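Scroll down for the structure; my scribbles are underneath it.
FYI, it's all coordinate maths here, none of it is from the lab. Please read all numbers here as calculations on a predicted model, not as lab measurements.
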Amino acid sequence: MISDPSFNTINSHKNKQDVEKERDPLSYLSKEETKEKIQLYNAAVTDKLKMTLNTNGIYTGFIKVQMELRRPITVRTRTNAQSHANGNGNDTAFYLPKGSINILHISSTNTVREVIEALLKKFLVADNPAKFALYKRCQKEDQVYMCRLSDREHPLYLRLVAGPNLETLSFVLREHETGDVMWEAFSIPELQNFLRILDKEEDEQLQSLKRRYSCYKEKLEEALGGVRKPG
């Protein structure tokens, strides 16, 4: 599922000086270098998702984020979003289709943590944003590398430096790679939703096995009936 590219730019309360302090000095681009990079980037894009440089040196653009979530997410519907805010909403849990891609319109000041929070908010995901991490996928000489981004990195800057080619750089949203699942990090309603999903999957598997062996039994009885008939 691809989102509407008209998604509003994520609000950022950091000023330009704070952002410059957080950047790696070795990767910092001057205003002229940024302008040149944006011109080259826009000349190379093929999907009209171009970047725009503002007079204050901050630029805006689009990033695509691929969803690769292994566990179900808890989502509240738009009709009960207000009820959820008042503490009496009914959340539901489901598996997000793996590989779905979403587009976010962000600015160069937005951090990885802000991007994750905005992405979850856009789709009314009720899970704690701290459960998720943003990764960058890079391809070099037929080898694919995955690297988790720190919360203070700036995805649009990485997109600009890498260019628009998704094989060079793409973003992936995943759960934190912490080994065993930390169930204590989930709320009681989330755990109850997980149990309902598992019960449903277990019932579906059981019904499938029953149908399979019922069919096997019928064929076996037919074969035995043919053997018992006098020749």
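Calculated translational diffusion coefficient of the stretch 116-172 (37 °C, 0.692 mPa s; Stokes-Einstein with Kirkwood radius over alpha-carbon pairs) equals 261 µm²/s.
When the pairs K31/K122; K64/K131; K48/K121 are compared against a 28 Å limit on Cα-Cα distance, K31/K122 fall above it.
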